[in-house]
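The values are calculated or read from the model by the stated rules, or taken from the named source; none is laboratory data. Owing to the predicted nature of the structure, the values given are computational and were not obtained by experimental measurement. Here the Cβ positions follow ideal geometry from the backbone for every residue, glycine too, while neighbour counts run over all protein chains shown. These area figures cover heavy atoms from the full protein model, side chains too; ligands, DNA and RNA do not enter into them. Shrake-Rupley method; radii C 1.70, N 1.55, O 1.52, S 1.80 Å.
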Amino acid sequence: MADRQNDFSQGSIPRSIMNLAIPMTAAQLVNVLYSVVDRIYLGHLPDSDSLALTGLGVTMPIVSILMGFANLCGTGGAPLCSISRGKGDDNEAEQVMGNAFALLLILGVAGTAFFLAFKEPLLYLFGASPDTFPYANGYMTIYLCGTLFVMISLGMNPFINAQGFGRVGMMTVLLGAVVNIILDPILIFIFQMGVQGAALATIFSQFLSAAWVLAFLTGKRAILRLKRENLHLDGPRTKRIVSLGLSGFFVNMTNSLVQIVCNATLQHYGGDTYVGVMTIINSVREVFIMPVQGLTNGSQPVEGYNYGAKQYRRVREAIRFTVGLTVAYSAAFWVVAMLFPAPLIHIFKSDPDILEAGIPALRIYFCMFLFMSLQFAGQATFVGLGRAKQSVFFSLLRKAIINAPLTLILPIWMGTAGVFAAEAASQFISGLACFNTMYFTLYRPLGRMRDGVSGV
């Protein structure tokens, strides 16, 4: 019954996408609360000035790298599951999921061991100062102990969404986020644990989310189940997962790279105040970008399923709907960012120095955000249709090839403003390049294909 209800080759394309996108967007927004709520509370810690908030910002590259490993498995395996389901091969879909889970466990254990061993030099490399290091180290040490919970929750939840259970996927993050929001003030303020309390609340919440994911994927409601016999890694299958997952992996890795370069450059040109400003801007970006990611993630199972079922007209309709809604939302956010930067910053910190530096920085950073929405839409299509090379290239283009070098070059003439201008330039160039490539290499060729005939 569930399989028939989640047959994306039937019914309205917009309805199918929104049935997944709405709960996935809610889940994405709630998921951001894990880190954003931590920053809000720590930004208002008494007697810490902006040091706790800045120290937490220094840990973001490590968190982003760990999330990248989870995305390597989740964004690599889940679209392959959708394509296999569209072909009617549920056995292959289950084997993909089992291999992705085994790979995730290996990467989680290895990542935890590595960062525990080298966290002190890495935190200083990533922009910590002697004043902010104690806060960064206190948070990171506890967070790393729960790495496996974070990765299971993040990496396996896409396999729930790929089966059409968007509301169940939403509950994965809702469960953990609610617990995190409740525990944060208790541990941070009442028990006076500060940054350690924020980290402890996060990993306990992610433990609950991971338990929820595994309970569903091994239970009777799931169409595709996580089975022990599918955990043995198969070389060709694992290669396909990794090849497609490199897109999501490089998104996080390049985000981490740029955060490192930005923090180090801002520390050099502006000090702890500007590192704190970047932490706030990243927090605003995470909150407002989540609906875009929820929509594009919701479109991927629909696009992949119909592509596997050779329903090419429906694939094109899904692409058009996703692009239109993504651009409309991004335009609305752009207006808010340009007109109301001060209230957005006030949520995290009311320090006069932070406000003075942050208002122009936020406007520069988001001035080309509309073009960024084109990259999200284009990249989602590449991933949803299993186009690994293109998705990996554009993941690298925006951050590693454009943003990181400009972050080092522009401040020579522009000072701290150059760091934020580098992000705007990368959004404009990469957004146009990704969308146009998707349009001419996928969307238009799909229009020449007849339904039921082998695809592009």
**Report entry** Rounded tilt (10° steps) of 13-43 against the dominant C-alpha axis of the chain
**Finding:** 20
Query - Theoretical gain in end-to-end length, A400 to T441 [0.36 nm per residue, Cα-Cα removed] - result: 12.4 nm
Report task. Could you order peptides 439-449, 197-207 by the average number of other Cβ atoms within 10 Å of their residues, highest first? Result -> 197-207, 439-449
Requested in this report: Using the Karplus curve 6.51 cos²θ - 1.76 cosθ + 1.60 with θ = phi - 60°, work out ³J(HN,Hα) for each residue of the stretch 204-221 in order, rounded to whole Hz, and write x for Gly and Pro.
Outcome: 5, 5, 5, 4, 5, 5, 4, 4, 4, 4, 5, 5, 6, 5, 9, x, 7, 6
Requested in this report: Enumerate the calculated ³J(HN,Hα) couplings along the stretch 339-348 in order (Karplus 6.51 cos²θ - 1.76 cosθ + 1.60, θ = phi - 60°), each rounded to whole Hz, writing x wherever the residue is Gly or Pro.
Outcome: 8, 10, x, 4, x, 5, 6, 4, 4, 9
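Suppose the chain between A332 and I186 were pulled fully straight at 0.36 nm per residue; how much longer would it get relative to their current alpha carbon spacing?
On the way: separation 146, 0.36 × 146 = 52.56 nm, distance 3.55 nm.
Roughly 49.0 nm would be gained on extension.
Quickly rank 253-264, 335-346, 376-387 as a protection proxy: mean count of other C-beta atoms within 10 Å, highest first. Intermediate values should be presented prior to the final figure.
On the way: 253-264: 22.7, 335-346: 14.8, 376-387: 26.0.
Sorting 253-264, 335-346, 376-387 by mean packing, highest first, produces 376-387, 253-264, 335-346.
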Query raised in the report: So which aspartates and glutamates pass the test for K399, namely a Cα distance under 20 Å, with those fewer than 8 places away in the same chain ruled out?
Result: E286, E423
Requested in this report: Measure off 7 Å from each Cα along the Cα-to-Cβ vector at R15 and K239, then give the distance between these two points in nanometres to one decimal.
Outcome: 4.3
Query raised in the report: Each residue of the stretch 145-159 in order: what ³J(HN,Hα) in whole Hz does its phi give by Karplus 6.51 cos²θ - 1.76 cosθ + 1.60, θ = phi - 60°, with x for Gly and Pro?
Result: 5, x, 3, 4, 5, 4, 6, 5, 4, 6, x, 9, 4, x, 6
Report summary line: For the chain, longest principal axis from Cα atoms; helix 90-125 axis from its Cα atoms; angle between them, nearest 10 degrees, is 10
Report task. With label points built 7 Å along Cα→Cβ from the Cα atoms of L339 and A117, find their separation and express it in nm. Result -> 5.4
Report summary line: Calculated from DSSP helices alone, with each H run of at least 4 adding -39500 (n - 2.57) and the total divided by the residues of the chain, [θ]222 nm to the nearest 500 comes to -27000 deg cm²/dmol
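Whenever you get a sec, line up K87, K389, K310, K119 from highest to lowest accessible area (probe 1.4 Å, protein heavy atoms).
Details: K87 145, K389 170, K310 80, K119 35 Å².
Reading off the accessible areas and sorting them downward yields K389, K87, K310, K119.
Could you tell me the relative contact order of the chain? Use alpha-carbon pairs under 8 Å, at least six residues apart, and round to a whole percent. Present the calculation step by step, with values, prior to reporting the outcome.
Details: 782 pairs, mean separation 109.4, N = 456.
Dividing the mean separation by the residue count of the chain yields 24 percent.
How big is the Kirkwood radius of the chain, worked out from every pair of different alpha carbons and given in Å to one decimal? It would help to have the intermediate numbers written out before the result.
On the way: mean 1/r = 0.0453 Å⁻¹.
Result for the chain, one decimal place: 22.1 Å.
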Query raised in the report: Label-point separation (nm) for V453 and L125, each offset 7 Å from Cα along Cα-to-Cβ?
Result: 5.3
Query - Nearest 10 degrees, 0 to 90: helix 352-366 Cα axis against the chain principal axis - result: 30
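Could you order peptides 124-131, 219-226 by the average number of other Cβ atoms within 10 Å of their residues, highest first?
Details: 124-131: 18.1, 219-226: 16.1.
Output ranking for 124-131, 219-226: 124-131, 219-226.
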**Report entry** Partners for K239 among lysines (Cα-Cα distance below 23 Å; same-chain residues under 8 apart left out)
**Finding:** K87, K227, K389
Query - Straight-distance crosslink candidates among aspartates and glutamates, where the alpha carbon sits under 18 Å from K220 and sequence neighbours closer than 8 are dropped - result: D3, D90, E94, E229
**Report entry** Largest-first ordering by accessible area, 1.4 Å probe, given options W334, W413
**Finding:** W413, W334
